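Some notes on the structure that comes next.
The values are calculated or read from the model by the stated rules, or taken from the named source; none is laboratory data. Just so it is clear, the model here is predicted, and its values are computed rather than measured. We place every Cβ from the backbone using ideal geometry, glycine too, and count neighbours over all the protein chains shown. All accessible areas refer to the heavy atoms of the entire protein, side chains included, with ligands and DNA or RNA removed. Shrake-Rupley method; radii C 1.70, N 1.55, O 1.52, S 1.80 Å.
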Amino acid sequence: MDNMENLFNPSLAAALKKLDPEDGEQIMEYFKTHALLSREKALLQASVREQKKLLVENAKLKKDIDQLRGQLQDKQKRRTAKALFSQAPPPHRVSPAHCTPDPTSPSAPAAAVPSCCPPPSVSSGESRDRAGRRRRAERKARPVSDPLSLGAESRIDASRLDLRVGRILSVRRHPLAEAMSVQDVDVGENSPRTVVSKLGGLQDLDQLQGSLGVFLCNVKASKMRGVASHGRLLCCCASDVITELLAPPSGSAPGDRITFLSYPGEPDGELSSKQRIWELLLPDLQVDSKGVANYKGSGFEVKGKGLCRAPSLTNCTIR
């Protein structure tokens, strides 16, 4: 409470006592108690935010440790198999010089030759076949079990998407498709990008001009009904006719990156069409019950500015 005395000017207490001699002291005590409770509430909220951040970081560390443990186990298996192959004894070969009896020796049995000397061509051929099969099996198994050969391309999560804030400079109907529109978009580059979108229920295109949106910028350029599209505009969709733009947080500027706290990493230069990364990630891009856009519970975040949201929709998909 000593710190509370410094929050109020002594002249304020004197003025209250002068205006209300009976209750002035109680009013002053109420103000001090309210200020103390407000300060404790702020400290508690800061502690809860820090705890949530630590839980997310711990989950990521646990995931990384499990992945490294799996890689070490795979390496150990390969080393054990290699050691077993290198220690295997060579196939037994019987020398004809040791099994052919001396014809001059009277003690040499006549039936010793067929029982002691198997045909050398059969045993050596079988051993070569076994060695060849083993080498072929090793060559086939090596690229599958080696985790290092998979590289960074095995990581399939939202960090591979180059999502940026963009401003729609102009918008017009597609000349060959009534349901599509063509936008010129500033995404923080030297020149605007052309993006072709199917906006569904968004019919009033004039309202889109000057708006901020979220754009996927590392998709491969493709022609859509004769017009080349160099990006993808993200929309929140409750149905084919109920659609609205995914909105960046206030204060965002064209070119700001959208990242995910639980999935750090740099995006691909261009998403591979063969891997179909966008199609694999799309089912996990959702708007939750609070209207916040997220990937597997991790929000679309512009660092230092906030989270991306749907203007009015909740519990819907992002496409």
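Label-to-label distance, Asn315 versus Glu50, with points set 7 angstrom from Cα along the beta-carbon direction: 3.6 nm. Which of rounded, prolate, oblate describes the range 16-69, given a ≥ b ≥ c as roots of the alpha-carbon gyration tensor eigenvalues and a/c under 1.5 marking rounded, otherwise prolate only if a/b is larger than b/c? Here the range 16-69 falls in the prolate category.
Approximating the spin labels as points 7 Å out from Cα along Cα→Cβ, the Arg155-to-Lys75 distance works out to 1.8 nm. Label separation (Glu40 vs Ser239): 5.0 nm, computed from points 7 Å beyond Cα along the C-beta direction. Measuring nothing but how far apart in sequence close Cα pairs (under 8 Å, 6+ apart) lie, relative to its length, the range 230-319 scores a relative contact order of 40 percent. With the largest listed first and rounded to whole Å, the semi-axes of the equivalent ellipsoid of the range 158-318 from the Cα gyration tensor are 22, 18, 16. Gap in Å between the Cα centre of the range 193-238 and the Cα centre of the range 158-186? That distance is 3 Å. Rolling a 1.4 Å probe over the heavy atoms of the protein chains gives the range 158-318 an accessible area of 49 Å² per residue. Per-atom-type breakdown for the range 158-318 gives carbon and sulfur 49% of the accessible area (1.4 Å probe, protein chains only).
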